[in-house]
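Taking it in order: structure first as structure tokens, then the write-up.
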Amino acid sequence: MNRQKARTLSDWLAWIETLHPRTIELGLERVHAVLDAMGLRRPAFAAITITGTNGKGSTTVMCETILRHAGYRVGAYTSPHLIVYNERIRIDGRNVSDDDLCAAFERIEAARGTVPLTYFEFGTIAAFDLFQAAKIDIAVLEVGMGGRLDAVNAIDSDVSIVTAVDIDHTAWLGHTREAIGHEKAGILRAGRPAICGDPNPPAIIAAEAARIGSKLLQYNQDFFVERSGTEWTWRCGERLRAGLPYPSLRGDYQLFNAACALTALDRLVDRFPVTQADVREGLISGVIPGRFQVLPGRPVRVLDVAHNAQAARSLAATLKQQRIEGRTLGVIGMLKDKDIVSVIGPLAGVVDRWYPATLHTPRGATAVQLIESLVAAGVPVSAPGYEDVHQAYAAAQRDATEADRLVVFGSFHTVGDILAGLGKA
């Protein structure tokens, strides 16, 4: 299909997927060339860039909602999407329309010439283009993978955030926390502030900040969190925000993400001041689907996109804090290039019965592969594999009593499929 025949968003997305021989091709040269052609290399809006193995999506939405409550025009770029592509680009809290996306894709196609762009690069440039056209004040940008060579890093941000560093995407980023930390530190900029919320960060992050002259603020060294009953306090140097509500996003780790967001916004206080009321409202209203999302009704149903070991440990800890009377039934679907055993391990003592499901995507693991990983992790498998997550979810619902809990996890695809199904119900 050529671009002249592209009319709908689905047409464009299907065509964009054919542009580059590789689904993932890290590097900034192609993106820089197209941004230069479109006059977007140095956009008029300010930017916060956020990377991390986990927590970057949650931190993005907290920055976004606080700034929006303060009255600023805010653009947010996140990935991947759960149900529809439009979720990736928000302006003033709303997903951009199909028409706006198609118009942006048309402008990119006219500008790129013979430059091959990946699916992610095309979407990232579209976000920059739409943000510029909407004359936003500030963009909050979630890195897709790594940082140094990710398309989001093609523009210079005003402040950078590294939420947490753990092992994931090893084929592209490396097999150690130091190697992965080096890739994530690539979003830092000389003379501009950077935030790191990892309680035990790889040494390379501070070393890289020192090397390029970025002012790094680290959790428990430069900014702090103090819990007090139903409230908490953020402190950075002489600056303090007390009596804050806990974020609506569930899990203790969200407090670290919130602290990163507040520290980053504090670095922008001269240009984007926010009040205590803005912070409070932003923390309360900042929600994002698929992050320990609890559906209404009984049995308790939890949706979480956890797909690496660190996220699985956090999910397990939060599940243990959520008291139930019955069993926990786990619906799992994962990508085959993930370390599946390391995700199962932290949840082995929490999940009482497993429902492994095939993911129907080129990178998806089959139910048979998941069962093999469960056995490798020492987990007895009492349920058969399921053809897809809908079958697994339906089986878990049939088996569950009102005292039980269903947990759906393992991938954005897994959670997205369930949410899409619920939306059609």
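The values are calculated or read from the model by the stated rules, or taken from the named source; none is laboratory data. Since we're looking at a predicted model, the values are computed, not measured. Cβ: placed from backbone, ideal geometry, glycine included. Neighbour counts: every protein chain shown. Note: accessible area is taken over every heavy atom of the protein model, side chains too, but ligands, DNA and RNA are not part of it. Shrake-Rupley method; radii C 1.70, N 1.55, O 1.52, S 1.80 Å.
Observations, loosely collected:
- Pair list, Cβ < 7 Å and 6+ apart or interchain, from region 322-343 residues that are within 17 Å of Pro362 (Cβ to Cβ) to residues that are assigned to a strand (DSSP E or B): Gly333/Ala357; Leu335/Gly364; Lys336/Gly364
- Only one entry in Asp388, Asp404 is in contact (Cβ under 8 Å) with a residue 24 or more places away in the chain, among the charged types (D, E, K, R) and open to solvent by less than 10 Å² (accessible area, probe 1.4 Å), namely Asp404.
- Cβ-Cβ distances below 8 Å connect the following pairs, each with a first residue in region 121-139 that is more than 16 Å from Asp92 (Cα to Cα), a second residue that is among the hydroxyl-bearing types (Ser, Thr, Tyr) and open to solvent by 10 Å² or more (accessible area, probe 1.4 Å), and a separation of six or more residues or different chains: Gly123/Ser79; Gly123/Tyr85.
- Flag if Ser228 is closer than 30 Å to Leu82 by Cα and open to solvent by 10 Å² or more (accessible area, probe 1.4 Å): no
- Single residue of region 353-364 satisfying the filter (in a loop (DSSP other than H, G, I, E, B) and modelled with pLDDT of 95 or more) that is least open to solvent (accessible area, probe 1.4 Å): Leu359
- Count of region 409-425 residues which are open to solvent by less than 10 Å² (accessible area, probe 1.4 Å) and within 17 Å of the chain's Cα centre (by Cα): 6
- Residues satisfying the stated conditions in region 232-274, i.e. acidic (Asp, Glu) and either at pLDDT 95 or above or within 25 Å of the chain's Cα centre (by Cα) (or both): Asp252, Asp266, Asp270
- For region 351-361, the candidate set comprises residues that are in contact with a helix residue (DSSP H, G or I) (Cβ under 9 Å, 6 or more places away or on another chain) and without any contact (Cβ under 8 Å) to a residue 40 or more places away in the chain; within that set, the residue that is farthest from Asn308 (Cα to Cα) is His360.
- Filtered residues of region 89-132 (kept if open to solvent by 20 Å² or more (accessible area, probe 1.4 Å), under 14 Å from Val34 (Cα atoms), not polar (S, T, N, Q) and not in a helix (DSSP H, G or I)): Gly113, Val115, Pro116
Matching residues to (1) modelled with pLDDT of 95 or more; (2) crowded, with 20+ Cβ neighbours inside 10 Å:
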position	(1), (2)
Leu303	yes, yes
Gln310	no, yes
Arg313	no, no
Gln321	no, no
Ile324	no, no
Leu329	yes, yes
Ile332	yes, yes
Asp339	no, no
Leu347	yes, yes
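- Selection count where residues are farther than 20 Å from Val162 by Cα, open to solvent by 20 Å² or more (accessible area, probe 1.4 Å) and part of a helix (DSSP H, G or I), scope region 45-85: 2
Yes/no matrix, rows are residues, columns are (1) closer than 22 Å to Ile50 by Cα; (2) in contact with an Asp or Glu (Cβ under 8 Å, 6 or more places away or on another chain); (3) of a type in the set (A, V, I, L, M); (4) outside any strand (DSSP E or B):
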{"site": "Leu244", "(1), (2), (3), (4)": "no, yes, yes, no"}
{"site": "Gly251", "(1), (2), (3), (4)": "yes, no, no, yes"}
{"site": "Leu255", "(1), (2), (3), (4)": "yes, no, yes, yes"}
{"site": "Ala261", "(1), (2), (3), (4)": "yes, no, yes, yes"}
{"site": "Phe272", "(1), (2), (3), (4)": "yes, yes, no, yes"}
{"site": "Arg280", "(1), (2), (3), (4)": "yes, no, no, yes"}
{"site": "Val287", "(1), (2), (3), (4)": "yes, no, yes, yes"}
{"site": "Gly290", "(1), (2), (3), (4)": "yes, yes, no, yes"}
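- Criterion (assigned to a helix (DSSP H, G or I), β-branched (Val, Ile, Thr) and either open to solvent by 20 Å² or more (accessible area, probe 1.4 Å) or under 27 Å from Glu121 (Cβ atoms) (or both)) met by exactly one of Ile205, Ile195, Ile161: Ile205
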